[in-house]
Amino acid sequence: MTIRIVVADDQEIVRTGLRMILDAQPGLEVVGEADNGRRAVELARRLRPDVCLFDIRMPVLDGIEATRALSGPDVPDPIPVVVITTFDLDEHVYAALRAGARGFLLKDAGPALLTQAVTAAADGEALIAPAVTTRLLKTFSDAVPAARARQPIDPLTDREEQVLAAVARGRTNAEIAAELFVTLSTVKSHVASLMTKLGARNRVEVAIWAYETQRV
C-alpha cells in the first residue's frame, strides 16, 4: 500500500528535493505541496494524506500551528505530522512535538532517515533522530521540575521503565525488541500500556515525559 504524503516548505528548491527523494522510494508518493502553513492545513484536510512533512518556519501559519491544527489534542481524526528543521536546537521543534508532531528530522538527515521517519509515522510509530532528540528534549525538560510533570495513573513496571528509556532514546519497536530480547508484539503492548498510563497520544509524548521526569 502506497503511503501518501503532503510536503510543506516555503522554499521551492527544498520541496522539489523532498519530493524527488520520497517519490524515488518504493511505496511512497508525494500527493501535494504547499508553500505556507495555512495552505498546508487546507491541502491536508482535503487530501487526507497518510503523513505530512512540515518545515517549522513557514509564512502565514508556521509549522507549529499547522501541526496543532492537524494533530493537536482537540483534533478528532489527526493526521500524522513529521517536522523538519535546519537548526537542531531550535526551541520551535520542542513546541511542535508538544503540538502533536510524531517526530522530527534535520533537513540534512538524508534519504534513508527521511524515508524511515515517514514510514514510522504512517505505521503509528515515531522516528526522532536520536542524537538530536536526546540533546533537545533534555535541554528543555531541564527547565521543567520533575514534580510538575503529570504522574502515571498506575505505577510503571520494571519492563515498562526499560521500554520507556528506549523510546526516549529514539529506538523503534523492532530495535527495542532486539535490545530487550522480546517479541515485537510484546514491545507494542508495553508501548500501548505506557501511552495509556501516561495519557500520551504518541511515542513522542512518551519520550518527552521520560525527560521531564528525569527517567533518562
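The values are calculated or read from the model by the stated rules, or taken from the named source; none is laboratory data. All values reported here derive from a predicted model rather than from experimental measurement. Surface accessibility is based on the protein's heavy atoms, side chains included, excluding ligands, DNA and RNA. Shrake-Rupley method; radii C 1.70, N 1.55, O 1.52, S 1.80 Å.
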Per-residue SASA entry for SER185, accessible area with 1.4 Å probe, Å² rounded to 10: 80
Å² of accessible area per residue within the chain, as computed with a 1.4 Å probe and no ligands counted: 46
Distant-in-sequence amide H partners of ARG57 (H built 1.01 Å from N, under 5 Å): GLY63
Rounded if a/c under 1.5, otherwise prolate or oblate - the range 146-213, Cα gyration tensor axes: prolate
The range 190-216 and the range 1-60: distance between their alpha carbon centers, rounded to Å: 28
